[in-house]
């Protein structure tokens, strides 16, 4: 029981919630050109993701948690990947912010023909962010 409680911390919960929301944002990003009503929901989801990511960063830098790497046989590799994870974690934060700005500026006009590049930028940003989050999750197991 204590091992389970030791594995669950606030930062992991925020990360898992952001990962789940990225999955839904990734799905909704494909509907941007078809349904204008999706924009408002996608804005809300991206704003929630941004708050979750900033919350995880705040928890990490407040020294409220122990180091994000394991000890034992793979401690050296895990310490190296810990630095890589934090460098990789900046990518979803920046790309989510960029996608959110594009959606807030374009709103309902994002479905227009002239906004094809911006729709693609939002979709690619969400896809790359989702991929980065999945990569961070896999690296966290080491």
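Close contacts from the stretch 25-38, counting a first residue that is within 14 Å of residue 104 (Cα to Cα) and a second that is part of a loop (DSSP other than H, G, I, E, B), with Cβ to Cβ under 8 Å and a gap of 6+ residues or different chains, come to 38/31; 38/32. The numbered conditions (1) modelled with pLDDT of 90 or more; (2) within 21 Å of residue 140 (Cα to Cα); (3) surrounded by 16 or more Cβ atoms within 10 Å (Cβ to Cβ) are all true for residue 59 except (1). The residue of the stretch 92-142 that is modelled with the lowest pLDDT, among those that are over 16 Å from the mean Cα position of the chain (by Cα) and not in a helix (DSSP H, G or I), is 142. Each residue in the stretch 36-55 was checked for being assigned to a loop (DSSP other than H, G, I, E, B) and touching a helix residue (DSSP H, G or I) at 6+ places or on another chain (Cβ under 8 Å), and 1 pass. Kindly indicate whether residue 32 is part of a loop (DSSP other than H, G, I, E, B) and modelled with pLDDT under 90. Criteria met by residue 32. Taking the stretch 112-142 as the range and being out of contact with any helix residue (DSSP H, G or I) (no Cβ under 8 Å at 6 or more places or on another chain) and either under 17 Å from residue 50 (Cβ atoms) or surrounded by 14 or more Cβ atoms within 10 Å (Cβ to Cβ) (or both) as the test, only 131 passes.
The values are calculated or read from the model by the stated rules, or taken from the named source; none is laboratory data. Small disclaimer: the values here were computed from a predicted structure and weren't measured. Cβ coordinates were reconstructed from backbone atoms using ideal geometry, including for glycine residues, and neighbour counts include every protein chain displayed.
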